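J.: Dropping a structure here in structure tokens format, bear with me for questions.
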Amino acid sequence: MTTPSQSTPAPAQLLDSFGRRLHYLRLSITDLCNLRCRYCMPPEGIEKLPQDMVLTLEELARVSRIAVGLGVDKIRLTGGEPLLRKGLSRLLDELKSLKPRPDLRITTNGLLLAQKLPELVAGGVSTVNVSLDSLKPELYGQITGLGAQAGHEALAKVWQGIRAALDEPSLQVKLNVVLLGGVNEEEIVDFARLTLEHPLAVRFIEYMPVGRNTPFQPERFLAAEQVLQRIRSLGEVEPLPQRPGDGPAQRLRLAGAPGELGVISALSSHFCATCNRIRLSSEGQVVPCLLSDVAVELKPLLRGGADDAAVAKALLEAARLKPRNHHQAVVSPHAAGCQMSRLGG
Ligand code: SAM
Ligand code: SF4
């Protein structure tokens, strides 16, 4: 007689060589973007990929289904600007029907958020992260490459999207703020104060050396500890407990605030030991670490008639190749191999 465990082997999980379970998939669903943030893209933009190089909606959905079968329970749509992807609601419908249903999230620059919000809500998205690096229209325009003049209208649109998202009871709203020393660091307290007014999470993100076409400027790097000092200048700050799956954010709350703060120190304190992420680029590369060059090509399999088991094997191989730590440093950064806007942040 066989026991149940003998007859039904445990399904394979995306495990790396150091015992970390990779259950958080970040899908870059387009390389296109309507902004040129200075830390992400060169001012002239990057060459658009030929359409047939980019994974189709069916391919994105298929890889997601196979990844869910390997234990992925959280999928973030990113890009480029994911709200530019045609057929987004069709993709969301596919993802929300996966079993078990993954937690669906999206990271957007927010320009099209007000317009696309109904699709996100209908598509079962639980959390919207809006990337916003300045509350000052002209500086916003400068950071995003729109120019100071156009910054006013663009920032107003982003805020319209954020307000609409805050009005959606089913959505959690987070703001991602990449800090650049000498550029937006004076706004740390203004962003933190937003959490006193709104039930949103503001997450300060260390500037990282990613992207071959955007040379890292070490003098702009602002370490998490400096950010924390500025936050503490606002008054009593209470640390919040880390929840399973919280990832790398150190969570805090200003006394009495409905919202919360997060500080993400990718470079100054390695959070690699708890990393649970794996990424799929818009061109179909599985990338187990944002800050290293390791990648496994899926497109030849997807377009060469490979069955699901072969695609699963490639995902398992990419997980196995995840490095223990990244080797990026602030002092002598090597730009990581992949363009951020194709890979997704
Ligand atoms: N376009 C969308 C957006 O901006 O939210 C999604 C893609 S973007 C590549 C994802 C995230 O990566 C954004 O929050 C962005 O600020 C972040 N990012 C891009 N380049 C970065 C860098 N050099 N250092 C830190 N974060 C970066
Ligand atoms: Fe900015 Fe996101 Fe576009 Fe990069 S992909 S330029 S971070 S909006």
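The values are calculated or read from the model by the stated rules, or taken from the named source; none is laboratory data. On a predicted model such as this, the values are computed, not experimentally measured, just so you know. Cβ: placed from backbone, ideal geometry, glycine included. Neighbour counts: every protein chain shown. We work out accessible area using only protein heavy atoms, side chains counted, and drop any ligands, DNA or RNA first. Shrake-Rupley method; radii C 1.70, N 1.55, O 1.52, S 1.80 Å.
J.: If a residue has to be open to solvent by 30 Å² or more (accessible area, probe 1.4 Å), out of contact with any Gly (no Cβ under 9 Å at 6 or more places or on another chain) and part of a strand (DSSP E or B) to count, how many in region 185-228 make the cut?
T.: Residues flagged as open to solvent by 30 Å² or more (accessible area, probe 1.4 Å), out of contact with any Gly (no Cβ under 9 Å at 6 or more places or on another chain) and part of a strand (DSSP E or B) within region 185-228 amount to 0.
J.: Sticking with this structure for a sec: Just one of ARG90, ARG101, ARG65, ARG36 is among the charged types (D, E, K, R), in contact (Cβ under 8 Å) with a residue 12 or more places away in the chain and within 16 Å of ligand 1 (Cβ to nearest atom); which is it?
T.: ARG36
J.: Let me ask you something else. Restricting attention to region 117-133, report how many residues are part of a helix (DSSP H, G or I), more than 14 Å from ligand 1 (Cβ to nearest atom), under 14 Å from ASP167 (Cα atoms) and in contact (Cβ under 8 Å) with a residue 12 or more places away in the chain.
T.: Of the residues in that region, 2 qualify.
J.: Tell me which residues, restricted to region 165-217, are hydroxyl-bearing (Ser, Thr, Tyr) and either out of contact with any Pro (no Cβ under 7 Å at 6 or more places or on another chain) or away from ligand 1 (no atom under 11 Å from the Cβ) (or both).
T.: SER170, THR195, TYR207
J.: If I ask for residues that are charged (D, E, K, R) and closer than 12 Å to VAL130 by Cβ, which ones from region 81-104 would you list?
T.: The one that is charged (D, E, K, R) and closer than 12 Å to VAL130 by Cβ: GLU81.
J.: Touching a strand residue (DSSP E or B) at 6+ places or on another chain (Cβ under 6 Å) and within 16 Å of ligand 1 (Cβ to nearest atom), is that true of ARG220?
T.: no
J.: Here is a further query. Going by the structure shown, is VAL63 among the β-branched types (Val, Ile, Thr), in a helix (DSSP H, G or I) and open to solvent by less than 50 Å² (accessible area, probe 1.4 Å)?
T.: yes
J.: With the checklist (1) under 19 Å from the mean Cα position of the chain (by Cα); (2) open to solvent by 60 Å² or more (accessible area, probe 1.4 Å); (3) within 16 Å of ligand 2 (Cβ to nearest atom) in hand, flag the one item ILE106 doesn't pass.
T.: Status for ILE106: all satisfied but (2).
J.: Moving to a separate point now. Considering region 15-54 alone, what residues qualify as being outside any strand (DSSP E or B), away from ligand 2 (no atom under 14 Å from the Cβ) and among the hydroxyl-bearing types (Ser, Thr, Tyr)?
T.: Answer for region 15-54, where residues must be outside any strand (DSSP E or B), away from ligand 2 (no atom under 14 Å from the Cβ) and among the hydroxyl-bearing types (Ser, Thr, Tyr): just SER17.
J.: Which of (1) of a type outside the set (S, T, N, Q); (2) out of contact with any strand residue (DSSP E or B) (no Cβ under 8 Å at 6 or more places or on another chain); (3) open to solvent by 20 Å² or more (accessible area, probe 1.4 Å) is the odd one out, the single condition LEU70 does not satisfy?
T.: So the condition that LEU70 fails would be (3).
J.: Filter region 73-103 for residues that are open to solvent by less than 60 Å² (accessible area, probe 1.4 Å), under 15 Å from ASP31 (Cβ atoms) and not hydrophobic (A, V, I, L, M, F, W, C) and give the result.
T.: Passing the criteria: THR78, GLY79, GLY80, GLU81, PRO82, ARG85.
J.: Among the residues of region 260-312, write down those that are open to solvent by less than 40 Å² (accessible area, probe 1.4 Å), touching an Asp or Glu at 6+ places or on another chain (Cβ under 8 Å) and over 14 Å from GLU59 (Cα atoms).
T.: Hits for region 260-312 are ILE264, SER265, ALA266, LEU267, PRO288, VAL296.
J.: Can you find a residue that is under 16 Å from ARG279 (Cα atoms) and open to solvent by less than 20 Å² (accessible area, probe 1.4 Å) anywhere in region 8-16?
T.: Taking region 8-16 first, the residues under 16 Å from ARG279 (Cα atoms) are 13-16.
Remaining after also requiring open to solvent by less than 20 Å² (accessible area, probe 1.4 Å): 14, 16.
Within region 8-16, one or more residues are under 16 Å from ARG279 (Cα atoms) and open to solvent by less than 20 Å² (accessible area, probe 1.4 Å).
J.: Might you check whether a residue that is surrounded by 17 or more Cβ atoms within 10 Å (Cβ to Cβ), assigned to a loop (DSSP other than H, G, I, E, B) and more than 16 Å from ligand 2 (Cβ to nearest atom) occurs anywhere in region 148-167?
T.: Checked against the condition, which is being surrounded by 17 or more Cβ atoms within 10 Å (Cβ to Cβ), assigned to a loop (DSSP other than H, G, I, E, B) and more than 16 Å from ligand 2 (Cβ to nearest atom), region 148-167 yields no hits at all.
J.: Condition first: within 16 Å of ligand 2 (Cβ to nearest atom) and more than 20 Å from VAL237 (Cα to Cα). Now tell me which residues in region 180-205 satisfy that.
T.: The answer is LEU180, VAL183, ASN184.
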